[in-house]
Amino acid sequence: MLEAVHLTKRYASLPAVQDLSFTLQPGQVLGCLGPNGSGKSTTVKMLTGLLQPTRGVVRFDGHNIQDNLAAYRKLLGYVPEEPNLYPYLTGWEYLELIGTLRGMAHSDLEKKIDSLLELFSLHPNRHASIGSYSKGMRQRVLLIAAIMDDPEIFIFDEPLSGLDVTSALIFKNLVQALGQQGKLVFYCSHVLEVVEKICSDVLILRKGIVIAQDSVANIGQILGQSLENTFLHLVDDVDTMSVARDIVTVMKMKAA
Ligand SMILES: Nc1ncnc2c1ncn2[C@@H]1O[C@H](COP(=O)(O)OP(=O)(O)O)[C@@H](O)[C@H]1O
Ligand SMILES: [Mg+2]
């Protein structure tokens, strides 16, 4: 079980995440939903051990992850929001490097990389440098790198960014399959339709504070409406139609 206990992160004195707690059991797909700047990536960085919380602790199977980060990271498949890929390596070389760093057996590795590149439609590009890849292709390399060692815990930070429709659908089905396999999945997104579809549970962040936390089914039911309405109700005090109209008005403005 993965546990976040009263996680708080301040940058300088600004709070980015405040008092966030949850438990994540095998088989659960926990969605972390919130608009830009609400603290999702900060939460993810604390869960992966990249950032030390200002207060609170992350535990896996009862142990503070900071006590043995190397062992914890071996169990972790992480897709960061910003792809830090080496542009001069080919897709194949990058995956081989990651697999080797993770200590995967070399015979397994080659077969897995080959099959996964095929399944993610990257096989024809495997020997081209990553610098020549589109954003969606880079994202697929990151996804392969995160899953190929069959980790127990998956942490995805906006994993669909740049993906085409087919790859996005494959990935959404994959996340559900991971849940069914008894993996632990933490899935961050600002897109509520996706979270509604593929997550079993959701926590909604607003300005670093958890404003709702429940199963996806319950959250809709409590307020007697879909997650979309709930989300808008909780997060956005913005009249999106009127803002869109105002933008068009400004766009059409001509200098007098
Ligand atoms: N390294 C940083 N230094 C200072 N402030 C940061 C840093 N990273 C994020 N923030 C701030 O913390 C808040 C939460 O950001 P973030 O976790 O990236 O949100 P999200 O991923 O939901 O868009 C924002 O106000 C952001 O400006
Ligand atoms: Mg983010």
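Taken together, the values in this text are just the output of simple stated rules run on the coordinates, not laboratory data. As the structure is a computational prediction, the values presented were derived from the model and not from experiment. Cβ coordinates were reconstructed from backbone atoms using ideal geometry, including for glycine residues, and neighbour counts include every protein chain displayed.
Please report the relative contact order for the range 55-201, taking Cα pairs under 8 Å with a sequence separation of at least 6, and give it as a percent rounded to a whole number. Normalised by residue count, the contact order of the range 55-201 is 27 percent. Taking the chain on its own, what percent of its Cα-Cα pair distances exceed 29 Å? Cα-Cα pairs of the chain separated by over 29 Å account for 36 percent. Only the Cβ atoms of Lys and Arg (+1) and of Asp and Glu (-1) were treated as charged; on that basis the dipole of the range 92-175 about its Cα centre amounts to roughly 240 debye.
Please report the net charge: other residues with Cβ closer than 12 Å to the Cβ of Leu101, K and R +1, D and E -1.
Combined, the nearby Lys, Arg, Asp and Glu give +1.
Computed about its Cα centre, the charge dipole of the range 1-93 is approximately 200 debye, with only Lys, Arg, Asp and Glu carrying charge at their Cβ. Calculated [222 nm] ellipticity per residue, helices only, for the chain: -12000 deg cm²/dmol; basis is -39500 (n - 2.57) per DSSP H run with n ≥ 4, divided by all residues, nearest 500. Across the chain, Cα pairs under 8 Å and at least six residues apart give a relative contact order of 26 percent.
Only lysines eight or more places from Lys74 in sequence, or on another chain, were considered; those with a Cα closer than 30 Å are Lys9, Lys40, Lys45, Lys111, Lys112, Lys135, Lys172, Lys183, Lys197. At a Förster radius of 25 Å, what calculated FRET efficiency corresponds to the Cβ-Cβ distance of Thr23 and Leu101, to the nearest 0.05? Calculated value: 0.25. Computed over the alpha-carbon pairs of the range 59-128, the distance histogram in 10 Å steps reads 17, 41, 29, 12, 1 percent, short to long.
Quick one: net charge of Pro26's neighbours, Cβ under 9 Å, K/R +1, D/E -1?
Details: positive: Lys183; negative: Glu152.
Its environment carries a net charge of 0.
Net length available on complete extension from Ile170 to Glu110 is 19.4 nm, with 0.36 nm assigned per residue and the Cα-Cα distance removed. Working from label points 7 Å from Cα in the Cα-to-Cβ sense, the Gln52 to Val243 distance is 3.7 nm. Residues whose amide H falls under 5 Å from that of Tyr78, counting only those 5 or more places apart or on a different chain, are Ile155, with hydrogens built in the peptide plane.
For Pro159, what is the net charge nearby, where nearby means another residue's Cβ is under 11 Å from its Cβ and Lys, Arg count +1, Asp, Glu -1? Before the final figure, lay out each step's value.
Numbers: positive: Arg140, Lys172; negative: Glu81, Asp157, Glu158.
Residues close to Pro159 contribute a combined charge of -1.
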